1. Explain nothing, just the number: dipole magnitude of segment 102-179 about its Cα centre with +1 on each Lys and Arg Cβ and -1 on each Asp and Glu Cβ, in debye rounded to the nearest 20.
2. Sort the following peptides by mean Cβ neighbour count (other Cβ atoms within 10 Å, averaged over residues), highest first: 75-85, 36-46, 123-133, 148-158.
3. Using +1 on the beta carbon of Lys and Arg, -1 on that of Asp and Glu, and nothing else charged, what's the dipole of the chain about the Cα centre, debye to 20?
4. Counting only protein heavy atoms and using a 1.4 Å probe, what share of the accessible area of the chain belongs to carbon plus sulfur, as a whole percent?
5. Could you state the accessible area per residue of segment 111-153 in Å², with a 1.4 Å probe and every protein chain left in place?
6. Using the Cα centre of the chain as origin and beta-carbon charges of +1 (Lys, Arg) and -1 (Asp, Glu), tell me which of G76, G118, N166 is placed farthest towards the positive end of the dipole.
7. For the chain, what is the mean residue ellipticity at 222 nm derived from helices alone (per DSSP H run of n ≥ 4: -39500 (n - 2.57); sum divided by total residues; nearest 500 deg cm²/dmol)?
8. Roughly how many whole Å is it from the C-alpha centroid of segment 96-139 to that of segment 6-35?
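The values are calculated or read from the model by the stated rules, or taken from the named source; none is laboratory data. Predicted, not measured: the structure shown is a model, and the values here were computed from it. We place every Cβ from the backbone using ideal geometry, glycine too, and count neighbours over all the protein chains shown. Each accessible area value is taken on the protein alone, full model and side chains, heavy atoms only, with ligands, DNA and RNA left out. Shrake-Rupley method; radii C 1.70, N 1.55, O 1.52, S 1.80 Å.
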Amino acid sequence: MAGMTTAWTISPEPADSSDALALWRAYYTEMSDRWFQVHEGRDTPPDELEREVVAANDHATLAPPSGVLLLGRYEGEPAGTAGVRLFAFDGTGDGTSEQEPTAELKRLFVRKEARGTGGGPVLLAAAEEAARALGARAILLDTRSDLTEAWSLYERNGYERTARHNDDVYAERWYRKRL
């Protein structure tokens with residue numbers, strides 16, 4: 001598998017760059033369509049997708065000094081993202097709890113055309129390194145039950161299921177890993 005990942009490069013990217021925005025649109029389209037297919041047997045209505053894309057605009061949380069967006073390129077083409085931001089259990093907003101600084105993984109995504117090339121594990125490892133660079137000693141995330149490839153990746157890479165840590169209406173599984 002090591003040979004499969006050599007075509008991937010990962011670097012920080014402004015969250016509002018055209019490459020990042022195009023990947024996020026692809027992410028939201030796929031995530032929304034998958035949800036609608038499971039629950040309503042159809043793709044997302046275009047007006048609903050536009051509302052979701054606008055509502056999910058939290059780009060500022062994935063920027064220094066308390067966050068980063070990583071953009072993965074496969075063979076030079078934008079093909080995936082992973083966001084990391086400091087997470088606060090105690091409500092202070094500084095990403096720390098009484099026990100340890102913690103980061104949150106957001107929007108780990110690989111375009112369909114680049115899946116099977118090793119991008120998911122490469123982006124996940126880069127996100128963990130970015131979390132360490134932000135001072136985190138643990139990283140947590142949420143996902144949906146129907147995103148089996150996502151939670152399978154997390155479990156293969158040492159993430160353990162935990163109790164709910166947020167109130168995201170679409171989240172159904174929560175994970176944590178010590179860094």
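1. 160
2. Answer by packing, highest mean first, reads 75-85, 123-133, 148-158, 36-46.
3. 580
4. Within the chain, the accessible surface is 52 percent carbon and sulfur.
5. Spelled out: the 1.4 Å probe surface of segment 111-153, per residue, equals 41 Å².
6. Farthest along the dipole direction, towards plus: G118.
7. Rounded to the nearest 500, the figure is -10500 deg cm²/dmol.
8. Spelled out, the Cα-based centre of one part sits 14 Å from the other.
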